[in-house]
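A quick write-up on the structure given underneath.
The values are calculated or read from the model by the stated rules, or taken from the named source; none is laboratory data. What you see is a predicted model, and the numbers here were worked out from it, not measured in a lab. Reconstructed Cβ throughout: ideal geometry from the backbone, glycine too, with neighbour counts over all protein chains shown. To get the accessible areas, we keep the full protein, side chains included, count just its heavy atoms, and leave off ligands, DNA and RNA. Shrake-Rupley method; radii C 1.70, N 1.55, O 1.52, S 1.80 Å.
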Amino acid sequence: MKQYKKYSEISKMIKIPLHAAVLLYGASMAFLFYKQTGWSGGAVYESDLPVHIRMIVEDGWYYSLTAFVYKAFYAIPVVLPGGVLFGDLAIALFLALCGVASVYLTAALLRDMQAEETGSLREGERISGWDVRRENAERNHLADRCGNAEERQTAVPRGIMRTGLPIDRQNDVRARRKGRLTAWHLLGGLILNLVMPCYVRGIADGRYIGMESASIWHNSTYIVMKMTGLFCILYYGKLAKKYKAGISGGEWLAFTVLLSVCTAVKPSFLLVFAPTMAVFLLAGLLRGTPLKKVIVFGSVVFLPLLVVLFQNVVLFGAETGNGWEIRPGYALSLHSGYPFLSAVFSVFFPLAMLLAFWRELRRDAWFSGAWLMALFGFLEVFLFAETGSRAGDGNFMWGYSFAILMIFAAALVKWGKLGHQAVREERSAGGILKVGAFLVSGLILGWHLYCGIYFYGNLLRGVSYYMWD
C-alpha cells in the first residue's frame, strides 16, 4: 500500500508541471491567434483565420458553424484598451481553449486506448502480455509453498507488480485508477498536439506545405473540428462496447448531436469516421450482431450526412464557380515532387509501430480503427481534387489530418507496450532486438516532436506556415 501511495504522490508531482505546460501552450496559442486575426497579406502571421472572419462578418457566408460564433463575437461593439477589438481577442481565446481542450481530449484518448490494450485483471484477459489464468495458477503454486495464511494471501507471480496488496485489492485499485488521466497520458496528449512531419529538405515545398500533419495552427475550422472530433471518438468508444446489447435513446441522440455539430464545423471528420464505423458495424453483423442493433447504432450518421449535403450546396453550388472531381494524385503532388516520400515521412513513427505490431490489427479495435480512418483519409486526398478558385487549396486533406492524430495516438500506446516488452525480456536475444527497436522508434518520435516544436516556435515569431526552410 505504501508503494501505491508513493507512486500516486510522484504522479501528482509530475502532473503539476504538465498542467502548467498545457496552460502555457494555451496562452501561446492565444497570442498566436490574436496576431493572426490582424493578418492582411504577406508572410508575417499568415493564416486562414482573417479570411474565415471576413467570409461571415463582411460577406455573410455561413460556411461553417464557427461562423455563428465569430458573428456573435463581433456583434459586441467593444474596443478594449490599446485599440484591441473585442471580437479579435474573443476569437483568439476561443480557439486557444479549443486547442487546450484537444490536448486533454487526446490524453483521454490515450487513456482509453491503453485501457483497451491492457484490459483488467479478469479471468482469461491479458495484462502486460500475461495471461491471467497463468498468473492465477502461478499465484496458487506460490501460495502452496508459503508458510502462513498472510503469505498465501499476498503471494504474487513474477508478472504482476508487487504492491504489497492481495490480488483482489490490486484489482480494486486498478478499477479506481482506470478512468484517471495519468502524467503519461497528459505528456502524450501534449506531444501528440505538437508533432509534425519529419522534415527532409527537398521532398516538399515546406515543413507543412506538401506534407501531411495533424498539428495545424493556421486553419480555425480545423482547430475546432479537431476538438469536436475527439469528443465524437471518445463517445463512440464508449457506445461501441455496448451497442450489441442496445444503446438508450438519450445516448443515440447525444451521439447524433455530437456528430452533427462536428460536421457542421467541418465535414472532413465525418468523411473518414463514417466509412470506418460502417466497416466495424459490418464486421459485427457478420459475427452475429442483430441487424436491428447495427441499424440503430449506424443511424447516428444520417443527420450529419444531411449536414454534409447542405454544406456541399454552400461550398460547391453552381453560383460559386467551385466544384470537385476525381483526379488521382493531384492534391498530393501540388506542393511535393516526391509525394510518396512526403507521405511516409509525415507518419514515419506510426508506420514504424505498424511494422512492429501489424499482427495486432485484427484484435485491437483502436489500432485497426485508427489505421482504417487513415486509409480512408488518404484515399480521399489521393482521389479527389477541387476545381475553381480553390483548386490548389487541398481541402480534401483535413479528414486525413485528423486521422493522422489517431494513428499517432495508437502508435504511442504501442510504443509504450514495446518498451515494456523490451524491459521484461532485456536479457534474451529477442529482448535486445526490442530494446533496439524501442530506442530507434523513440528517436523517430523525437524527430517528429523536434520538427513540431521548431515549426510552432517559428509561427509564434511570425513566420508563415509555408515555412520552406
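The table that follows gives values for the structure above.
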read-out	value
Accessible carbon and sulfur surface of segment 248-373 relative to its total accessible area, %, 1.4 Å	73 percent
Residues with amide H under 5 Å from that of residue 324, placed H, sequence gap 5 or more	387
Restraint check, 35/71; 71/238; 15/241; 241/292, Cα-Cα greater than 28 Å	71/238; 15/241
Phi to ³J(HN,Hα) by Karplus 6.51 cos²θ - 1.76 cosθ + 1.60 over segment 380-394, Hz, x for Gly, Pro	4, 6, 6, 8, 10, 8, 8, 10, x, 5, 9, 4, x, 7, x
Neighbour cut-off at most 10 other Cβ (10 Å), DSSP loop, GluC sites (Glu not before Pro), segment 1-102	58
Radius 10 Å from Cβ of residue 244, net charge of other residues (Lys, Arg +1; Asp, Glu -1)	+4
Accessible solvent surface per residue of segment 7-69, calculated while the other protein chains remain in place, 1.4 angstrom probe, Å²	54 Å²
Whether segment 349-469 is rounded, prolate or oblate, judged on the alpha carbon gyration tensor where a/c under 1.5 counts as rounded	oblate
Average accessible area per residue (Å²) across segment 310-350 - probe 1.4 Å, nucleic acids and ligands excluded	54 Å²
Trypsin sites (Lys or Arg not before Pro) within segment 240-306, DSSP loop, no more than 14 other Cβ atoms inside 10 Å	241, 242, 287
